[in-house]
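Since the structure comes first, as structure tokens, the remarks are kept for the end.
The values are calculated or read from the model by the stated rules, or taken from the named source; none is laboratory data. As the structure is a prediction and not an experimental result, all values here were calculated from the model. Cβ coordinates were reconstructed from backbone atoms using ideal geometry, including for glycine residues, and neighbour counts include every protein chain displayed. Ligands, DNA and RNA are excluded from the accessible area calculation, which covers all protein heavy atoms including side chains. Shrake-Rupley method; radii C 1.70, N 1.55, O 1.52, S 1.80 Å.
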Amino acid sequence: MRNQNPTRFSGNHFSFVRGRKTFLMGILNLTPDSFSDGGDFFSEEKAIDHALEMQQQGADLIDVGAMSTRPGSEPVSAQEEIRRLSFLEKICRRLVIPVSVDTIYPETARYAVAAGASIINDVSGAPSDGMAELVRESGCGYVLMYRRSEQGKYQTKNGGVVEDAAFFFQENLARLLSLGIRKEQLCLDPGFGFAKNTEENLALLRASDQLRREDVFWLSAFSRKRFLGELTGVAQAKDRDPATAAVCVTAIQKGADILRVHNISLCRQATVLADAVYKQRNSKEG
């Protein structure tokens, strides 16, 4: 019997429903120093053209980043991040799909929502009161990412990385819901590659079907990341798209609802096939 109340991820001007399709989030880096494509789309013209290209290739939403989160990178200020996002409103107007902005700063998040962004992808690993207030007030979507850190609260607190992630999601979901944020505004991200070694990334991937919840969307973001290079021996990040497409299939089998990727065209082929095998079969059987 088909679920009468399907799980949704929804907010300002968007609504995704869990079911027969995995949604693709295209990556647009407005940075000079991102690990894979730093500087490639730093100008307004190139950024807008690339966003439109990813939309044409089948992206369901675009995630815009203005600060590199590669290992060893230096954070920029909220003011610099906002400066790099100065043409975000133009990007939002040109696209017919929703725009997400990844940031750690409530100030940037507020600017992004005012410019037309529908989702805040918080990569801080510790949602602040200011960020939670912005999400509640605006009604935007919010991606809550589990991030390990030597200074972080969740570093080996509960044993291994899977136990830590489960505790992190349980505690922070309860807090966000208590502050008046609706469950359908929320999406969980295990934070592949963020202060995690290769074995920890694999452990999270293997346990994704246990960590994800039936009532909240699940996002997997591992495109071109270093642990894929360590496993395959591929040194250059831009050459890791085949590995990314392969791990997309595993992520879908483990219950991913959204995949954050650089190469939309290649990963769309992988997700269409994996959806046909796993999601559409399950939908018919249900």
Let me know the charge dipole size of the chain about its Cα centre in debye, to the nearest 20, where only the beta-carbon of Lys, Arg (+1) and Asp, Glu (-1) is charged. 860
Tell me, what is the Rg over Rh of region 223-276, with Rh the Kirkwood radius over Cα pairs? 0.96
Over region 54-125, what percent of the accessible surface lies on carbon and sulfur atoms, probe 1.4 Å? 48
Just how far, in whole angstrom, is region 182-228 from region 79-123 if you go by their alpha carbon centroids? 23
Listed peptides 227-234, 245-252, 52-59 by packing density, highest first (mean Cβ within 10 Å): 245-252, 52-59, 227-234
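What's the ranking of 79-91, 191-203 by average number of surrounding C-beta atoms within 10 Å, highest first?
Listed from highest to lowest mean packing, they are 191-203, 79-91.
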Calculate I(q)/I(0) for the chain by the Debye formula, one identical point scatterer on each C-alpha and no solvent, and give its log10 at q = 0.08, 0.16 Å⁻¹ to two decimals. -0.30, -1.40
A correct Karplus calculation of ³J(HN,Hα) over region 234-250, with 6.51 cos²θ - 1.76 cosθ + 1.60, θ = phi - 60°, whole Hz and x for Gly and Pro, returns 8, 7, 7, 4, 5, 8, 9, 4, x, 5, 4, 4, 5, 6, 4, 4, 5
